[in-house]
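The values are calculated or read from the model by the stated rules, or taken from the named source; none is laboratory data. Just so we're clear, the structure is a prediction, and the values are computed from it rather than from any experiment. A quick note on method: Cβ atoms are made from the backbone with ideal geometry, for glycine too, and the neighbour counts reach across all protein chains shown. Ligands, DNA and RNA are excluded from the accessible area calculation, which covers all protein heavy atoms including side chains. Shrake-Rupley method; radii C 1.70, N 1.55, O 1.52, S 1.80 Å.
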Amino acid sequence: LTYAVSLLPKTNQVIQWTNSFIERETTPISASSSGTFYRGDYNKLDVNNVVNINQNQSLLMGVDIENEQGATTYSSQTSQSSVGGYAQYHWINPVLSTQLSARYEENSNYSSDPIQTYNVSMFRNIPLINVQATGTLKTGFRVPTLYEESNKSADLAPETSKTYEVSLAKTIQQAVVK
């Protein structure tokens with residue numbers, strides 16, 4: 001369910017709610033073992049606001065709240081929740097365009113310290129050959145879902161990542177292949 005509105009000039013507000021319900025049954029590996037049944041529920045509320053500073057600059061700010069609950073045949077109901085805030089600045093410039101973003105999150109099951117991630121991207125269109133060159137540096141963080149944690153064969157922990165990326169992209173509008 002998504003609700004979008006523009007309350008003020010040069011702004012767009014979006015409120016989005018997501019709900020997922022999952023039931024999974026695993027098949028026994030052998031006749032002497034038994035399968036398991038998992039039932040879970042996931043809810044997320046995301047509220048954000050985009051401010052168009054001018055024709056070439058925009059700022060997005062938002063907050064999201066997630067809650068996940070689940071239980072298996074062999075475990076009682078467990079839950080995890082997180083609250084996060086994020087911001088993204090986008091600047092289109094003929095010389096070198098930039099996109100900067102940051103996220104701050106607290107998760108109920110992992111880390112007493114807040115989780116902080118960022119993304120820095122710079123991109124430029126090379127006019128003579130109409131190619132866009134992009135360079136990106138970003139960090140990431142992912143916690144296992146309750147369903148993943150319910151799999152006793154794996155000892156899962158949160159994952160962190162750091163990515164460096166350089167790319168060239170060309171759009172060909174009317175290509176003829178013979």
### Query
For the stretch 1-75, max minus min Cα coordinate along each principal axis, in Å, sorted largest first?
67, 21, 16
### Task
Taking H placed 1.01 Å from N in the peptide plane, check which residues at least 5 places from Thr73 or on another chain put their amide H under 5 Å from its amide H.
Phe37
### Query
Any idea what the relative contact order of the stretch 52-178 is, in percent, if you count C-alpha pairs under 8 Å spaced at least 6 apart?
17
#### Entry: Cα lying deepest toward the dipole's positive end in the chain, options Leu100, Ser167, Pro127, charges on Cβ
Pro127
### Task
Quick one: which residues, 5+ away or cross-chain, put their amide H under 5 Å from the amide H of Asn151? H built at 1.01 Å from N.
none
### Query
Roughly speaking, what is the stretch gain from Tyr3 to Lys44, that is 0.36 nm per residue apart minus the C-alpha to C-alpha distance, in nm to one decimal?
13.4 nm
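Can you tell me how much longer the chain between Gln57 and Thr171 gets when fully stretched, taken as 0.36 nm per residue apart minus their C-alpha distance, in nm with one decimal?
38.7 nm
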### Message
Expected output is a single nm value to one decimal: the length gained when fully extending between Phe37 and Ser112, i.e. 0.36 nm times separation in residues minus the C-alpha distance. What is it?
### Response
23.9 nm
### Query
What ³J(HN,Hα) values, in whole Hz, does the Karplus curve 6.51 cos²θ - 1.76 cosθ + 1.60 give for the stretch 122-134 when θ = phi - 60°, with x put for Gly and Pro?
10, 9, 8, 8, 9, x, 4, 10, 6, 10, 9, 9, 9
### Query
Tell me, what % of the accessible area of the chain is carbon and sulfur with a 1.4 angstrom probe?
57
### Message
Give the average over all directions of the projected area of the C-alpha convex hull of the stretch 46-133, one decimal, in nm².
### Response
8.9
